[in-house]
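The structure under discussion appears below in the form of structure tokens.
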Amino acid sequence: MLAVALLLIGGVESRAATWLFLTDPPSERHLRDIERTGARVRTASRWFSAVSVDVEPSQVGRLTRLSFVAEVRPVGEITRRWSVDAARGAPILNAGSGDAQRRQIAADRLHEMGYTGRGVRVGMLDTGFLLTHEALADADVAATWDFVHGDEEVADEPGEDDAAEAWHGTQTFSVMAADLPGGLVGIAPEATFYLAKTEDVTRDGAFFESHIEEDYWVAGLEWCVGHGCRIVNSSLGYVLDYRFPNLDGATAIISAAADEAAARGTLVITAAGNTDGGRPLGDSLRGRISPPADAARALTVGGANSDGSAWLFSGRGPTFDGRVKPDVLAPAVGVSVVSPADDTSITSNRGTSFAAPLVAAAAALLLEAFADATPDELLTAFRTTASQADAPDAQHGYGLANAAAAYEQLAQRYTPAVVRRADSMTPVAWGALKASQRERP
């Protein structure tokens, strides 16, 4: 489909959208000359030597007179019909309070192509999960396991868990899997999920933090990988007795496990961690990322404000051996999530715990499109297309994640999967272009 070739430049939908087919692949000079006519460049395609613009009818004549414009053609609309087993229609386009966060990382562009995570197995390592909220009622949860207590029940159990133990996991899960049109729709609502409870938040009313939780974490990760999960989200981090020299990607067993998962075909996305806002101090982990965020082959996600700048309380890098961490940023302030207090309310929360699943879900969309992409390719795609890829630093990493740009990079290597399109498309530009460029003998 045409979207394979699109290099996102920016813009909004317009009824005056028009394709310009050029004599040569578009260059910066071409784009400048086009915009001098009054047209606004939306996207550019090197594969098809084409540029899409927003243009007033009175400006079309100026475009046709440009020496490098071979053809002017209106951009058509694709009619998409969803399959019967997805009869909820196209809720992803009615994301409710989750709209801002998906747009900030350009996941909305992948939704517009039809990607929702379907067919991708995603694991989650967290505190437990309450699945009774109406926004989670239709989530495809294939398996659950409580590694703390050794059973399949990942919700709070009286006599085993303190009250509200599972709130954190429920909210991080909703960032990915919620499907309540007009209320909250997650980034990958049609992915298949494997939920592992690996964390004790409190025991007998006191906060609990122990190296044993790292053991639960490793067991949970192995379980997810064993079930074929290609993506595993961990909104957990362990300061414990670690010091800065331990942030080498190998000292903490969970960091080593994250790298092992990558070697086995599974990308771990992990939160950078939350701090007190102070700058790193000595050899302590104050202000710094915490394991497993130091893993070399994990995708570490820091927190961003609504303007894309680094959230003050987001854990900073680098690692002790000088690697850039975090890798990317994602929204961490005012992130829309379900309220575990009841089965209907939507609320908001903040923290890198919510930034990580936003990127993990976006990675699931990319895997739906490019099933053969490796963990390292996904990691590289996110890094090299983020907002400050050319000037990474210890606070922003490579910058704000851009799922659409990562898609375009992967499209240079892989042909994207075609998703649940209508049996027939309107006979306009996209359909005609696909037929002429991709299907001719």
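The values are calculated or read from the model by the stated rules, or taken from the named source; none is laboratory data. Every value quoted in this text rests on a predicted model; they were computed, and no experiment measured them. FYI the Cβ positions are ideal-geometry reconstructions off the backbone, even for glycines, and counts take in every protein chain you see.
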Every listed condition ((1) at pLDDT below 85; (2) of a type outside the set (Lys, Arg); (3) in contact with an Asp or Glu (Cβ under 8 Å, 6 or more places away or on another chain); (4) farther than 26 Å from residue 411 by Cα) holds for residue 38 save (1)
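The rows are residues; the columns are (1) surrounded by 23 or more Cβ atoms within 10 Å (Cβ to Cβ); (2) touching a residue at least 24 places away in the same chain (Cβ under 8 Å); (3) not polar (S, T, N, Q).
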| residue | (1), (2), (3) |
| --- | --- |
| 156 | no, yes, yes |
| 162 | no, yes, yes |
| 174 | yes, yes, no |
| 181 | no, yes, yes |
| 189 | yes, yes, yes |
| 194 | yes, yes, yes |
Can residue 310 be described as in contact with an Asp or Glu (Cβ under 8 Å, 6 or more places away or on another chain), surrounded by fewer than 24 Cβ atoms within 10 Å (Cβ to Cβ) and not β-branched (Val, Ile, Thr)?
-> no
Considering residues of the range 340-352 that are free of Cβ contacts under 8 Å to residues at least 40 places away in the same chain and polar (S, T, N, Q) only, the residue surrounded by the most Cβ atoms within 10 Å (Cβ to Cβ) | 347
Determine whether the range 363-370 contains at least one residue that is in the same structural domain as residue 130 (by TED's automatic domain parsing), in contact (Cβ under 8 Å) with a residue 12 or more places away in the chain and within 19 Å of residue 306 (Cα to Cα).
-> no
Residue list for the range 331-345, restricted to those being modelled with pLDDT of 95 or more and hydrophobic (A, V, I, L, M, F, W, C) | 332, 333, 335, 337, 338
Can you tell me which of 295, 272 is in contact with a Ser or Thr (Cβ under 7 Å, 6 or more places away or on another chain), crowded, with 24+ Cβ neighbours inside 10 Å and farther than 21 Å from residue 229 by Cβ?
-> 272
Single unsatisfied condition, residue 241 versus (1) over 28 Å from residue 226 (Cα atoms); (2) at pLDDT 95 or above | (2)
Modelled with pLDDT of 95 or more and assigned by TED's automatic domain parsing to the domain that holds residue 109: does that describe residue 201?
-> no
